[in-house]
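Notes follow once the structure below has been shown.
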Amino acid sequence: MRALLSPESSSLYFTSINIVSRDPNPCRSRTSLYFLKRDGGCRLIRRKPRSTAVKAVLDSATIEELGLKESDMRNPAISSTYRRSMLPKPNQTVLEAQARICTGPTQTRPLSEEQAFKVLDTILRSVRGELKDEEQVSKAQIGAFFAGMTIRANSFPEETQWSEGERRAMNLFWPLLLRALPPDVIFIADPEGSIMGLGNSVGPQFIGNGTTEMRLVGALREILAGGHLGYEEVQGVLKDVLPLKFEDGKSTGVSESLLSAFLIGQRMNRETDRKLKAYCLAFDDELGPAPVADVSSLTHYGEPYDGNTRFFRSTLFVAAVRSCYGESSLLHGVEWMPPKGGVTEEQMLNFMGANTNLSLHQAKELIEDEEVGFAYISQHEARPSLYSLIGLREHIKKRPPLATTEKVQQFIRAKGKESIVAGFYHEGYEEPLLMLMKRRGVHSGLVVKGEEGALSMTTRLRSASTSKGFPVNYCSGFRSVGTETACKEDGVSHQSFRLEVNAMDYDFEPTDTPRTDRSNIELGLAALHGQKGPAYDRIVLNAGIVDHLLGCDGAEDVTIALDRAREAIDSGKALKKLLNYIKVSHKLK
């Protein structure tokens, strides 16, 4: 099938075509990895244990040149090893309760009486100092838990308000907690002194310590009542409290209880457009104006920062493919992020020996380099203020609004056209994401429901039991019509589209998705070496379809878009781009 965007309409139409499959290179097989020699031939290397997989990519001279050590090569398939050991771990009993109650008005699952008793007893013993080390309940956890309870009591529908068991447990424990909890938590749990029914005066009178907390407390009074803040209010609080500063693992600035209540409360009350814009744009100027890359096209890839735990993540390899025909890409993220704590691009690049501590200007150089053409930037370099929240985000359990807006960033600009591609999972987030992309002024934007809410579209058959929400491979987006720039607020014509990509329509064989218990690197590199199979097909599919939907030059015909992605792999160009990235990233000053 060939999907074309009609220039006169915002709808899609399809016409039938046939795609001729390329014969696989006879010197490649499905069971071994082959590596191109300088003379254009290939030599066979049998699969090696994943702990030494990087040696199959970089020859010994390159490894020595880069100063890499095998002890530093941590396999992203075991992504928990990338969690920073200095971060204190949350109490699991309370964290499980947070997963149930710190969510939306319809998704919340009230606790049973037994569960509520266990959680409140754990919190009480912790604040009394009876629990040590990982058994302790952090201030952030306590703030998030009681914020969830308060918002449910004040504004949630009856079926997700407190259960009878929760109320009996709270009636028993609240007099004891009232004597043990600090004032900021008592305020969060009963801001108006009306929920617990004991005439508590702490909540109504609490104002916080210092001007920063006073502003945060004022915002929380609205949030805990189920209300929404305006754009300026949200931005004001974020800029006041971030970056978080720590000494001996403890915040030296604003109360962690109050800040976690703020973040989880805004998630529970659901994100408005004003709220999401504030989170998205709050720190655009943190490091000054964004560098401008001298390229004709730049695509910003917004993968979920917390990674993949189940399925192959293809975007890094897609970026290498697209760079072969002039489509530059900027990937961004972190090494490890809760709640999922899955495999990320930063882990993969680290494992292969690339430098992931690039500044924005160094990443710009990689994008402009014709031998590379793509770059990865870490949040700890691009947005230190937001990066300081990683530990707290683990302790609030559920994703805050930042998890949505951090995917729609422009850390580097381009002289030519710009596009943003972002993944989503829950229905209802596709339109806010597209709104933020338009607010960014890009020429085209695309949201993809890939596997695990990431960007990787799949070639597996759709499950017959799938009935709720959008299916995997659902895409929605826009692109500018004509030559006018999309940077203006008004007067720009956007062509919108929605479709479900069925890989079989493009002559891909249906295959199960590779799992992350096989290294993403092993799978991706085998594909870039031309090894046909599920990973190869997913890289080709995601490169070609994205090119086509974004309206990239030369991709008007989806057949051509897919074929040029295959050619970039089969010629060895994509692999060379990735290897160049690893080498050049260490040479930048």
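The values are calculated or read from the model by the stated rules, or taken from the named source; none is laboratory data. Quantities reported herein were computed from a predicted structural model and do not represent experimental measurements. Note that each Cβ is placed from the backbone with ideal geometry, even for glycine, and that neighbours are counted across all protein chains shown. Surface accessibility is based on the protein's heavy atoms, side chains included, excluding ligands, DNA and RNA. Shrake-Rupley method; radii C 1.70, N 1.55, O 1.52, S 1.80 Å.
For segment 375-430, which trypsin sites (Lys or Arg not before Pro) are both in a DSSP coil and crowded by at most 15 other Cβ atoms within 10 Å? Within segment 375-430, the qualifying trypsin sites (Lys or Arg not before Pro) (loop, at most 15 other Cβ atoms within 10 Å) are LYS415.
Please check which bits of segment 284-301 a label hung off GLU368 would reach, taking the label as a point 7 Å along Cα-to-C-beta and the cut-off as backbone N under 20 Å. Residues 287-300 fall inside that zone. Pop out the carbon and sulfur fraction of the accessible area of segment 92-270 as a percent, whole number, probe 1.4 Å. The value for segment 92-270 is 47 percent carbon and sulfur by accessible area. Counting only protein heavy atoms and a 1.4 Å probe, segment 292-586 has 30 square angstrom of accessible area per residue.
Counting only protein heavy atoms and a 1.4 Å probe, segment 92-270 has 44 square angstrom of accessible area per residue.
Think of each Lys and Arg Cβ as +1 and each Asp and Glu Cβ as -1; about the Cα centre, that makes the dipole of segment 92-270 roughly 60 debye. Once backbone amide H atoms are built at 1.01 Å from N, HIS300 has LEU330, SER419, ILE420, VAL421 as its partners under 5 Å, excluding neighbours fewer than 5 places away on the same chain. Computing the accessible area with a 1.4 Å probe over protein heavy atoms, can you report the carbon and sulfur percentage for segment 505-589? After summing per-atom areas, the C and S share lands at 49 percent. Using a/c under 1.5 as the rounded threshold, could you call segment 292-586 rounded, prolate or oblate? The axes a ≥ b ≥ c are square roots of the C-alpha gyration tensor eigenvalues, and prolate needs a/b larger than b/c, oblate otherwise. Note, shape of segment 292-586 comes out rounded.
Karplus-derived 3J(HN,Hα) values for segment 571-586, using 6.51 cos²θ - 1.76 cosθ + 1.60 with θ = phi - 60°, are 7, x, 5, 5, 4, 4, 4, 5, 5, 4, 4, 4, 6, 5, 4, 8 Hz; glycine and proline are entered as x.
Label-to-label distance for MET435 and ARG515 is 3.9 nm, based on points extended 7 Å past Cα in the beta-carbon direction.
Taking the protein heavy atoms of segment 295-368 in the context of the full set of protein chains, the accessible area attributed to carbon and sulfur is 43 percent at 1.4 Å. To the nearest 10, the accessible area of ARG128 is 130 Å² with a 1.4 Å probe.
Rounded to the nearest 0.05, what FRET efficiency do ASP273 and GLU130 give with R0 = 56 Å and r taken as the Cβ-Cβ distance? Could you check? Taking R0 as 56 Å, the efficiency between ASP273 and GLU130 is 0.80. Most tightly packed first, judged by the mean number of other beta-carbon atoms within 10 Å of their residues, the peptides 418-428, 326-336, 112-122, 497-507 read 326-336, 418-428, 112-122, 497-507.
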